[in-house]
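One structure below.
A short reminder: the numbers here are calculations on the coordinates, not readings from a lab. Please read all numbers here as calculations on a predicted model, not as lab measurements. Every residue, glycine among them, receives a Cβ derived from its backbone with ideal geometry; neighbour counts consider all protein chains shown.
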């Protein structure tokens, strides 16, 4: 179940407006409450494993800021960022010309596998049949990860769920992940609005 042209347009229009309002160097352009909140989420994702020298796929790479954190904390690694929104990919390429970014729907991605797949904030935008589409995303990302997958989602216990934001029950998402692998870790302590899941084959 791929993202429809209507999904892509709605998501693209939203983030173009955010870029125009907040600029290319602001975490708020991607609807993060602050740069600190964004960085905390990134740091939790990196707990999935030793990323040094590994290949990393960043799903929903946005403005490329996870790449910047990995540069500071990991050192050498092989990176590809993919995002549905062309404008975000254009900005990320300009900000980090040494990195590779592509405008892709992850559900169409069959090029190769990666050691680790990371995804921050990519499943927060409410679209029709969002459960089916985002569960398909999780399944796809896990299939592309040789060593581990880490992703975060909005926690319905601390974040609003409305026509814009999709928030979830962490236990339900954890249960779904356990249909893919028994090696699942749920992390909730870092934010009342967010949770992270780490999956290993």
| remark: Using alpha-carbon positions, the gyration tensor of the chain gives root eigenvalues a ≥ b ≥ c; with a/c under 1.5 called rounded, otherwise prolate if a/b exceeds b/c, else oblate, the class is rounded
| Taking a spot 7 Å from the Cα of residue 17 along the direction of its beta carbon, which residues of segment 65-106 have an amide N less than 20 Å from it? | 84-89
| said: Let's test the formula: R0 of 41 Å, r as the Cβ-Cβ distance of residue 126 and residue 100. What FRET efficiency results, to the nearest 0.05? | reply: 0.90
| query | So what's the back-of-envelope 222 nm ellipticity for the chain, counting only DSSP H runs of four-plus at -39500 (n - 2.57) apiece and dividing by all residues, rounded to 500? | reply | -11000 deg cm²/dmol
| Value of relative contact order over segment 140-201, rounded to a whole percent, pairs C-alpha under 8 Å and six or more apart | 42
| task | Please sort 48-59, 97-108, 114-125 by packing, taking for each peptide the average over its residues of neighbouring beta carbons within 10 angstrom, highest first. | result | 114-125, 48-59, 97-108
| task | Work out, step by step, the length gained on full extension between residue 162 and residue 174: first 0.36 nm times the residue separation, then minus their alpha carbon distance; give nm to one decimal. | result | 2.1 nm
| What shape does segment 96-175 have by the C-alpha gyration tensor, where a ≥ b ≥ c are the square roots of the eigenvalues, rounded means a/c under 1.5, and otherwise prolate means a/b greater than b/c and oblate the rest? | prolate
| remark: Counting only DSSP beta bridges fully inside segment 5-200, the antiparallel percentage to nearest 5 is 40
| Which parts of segment 106-137 would a label at residue 4 reach, counting a residue when its backbone N lies under 20 Å from a point 7 Å out along Cα-to-Cβ? | 106-108, 123-137
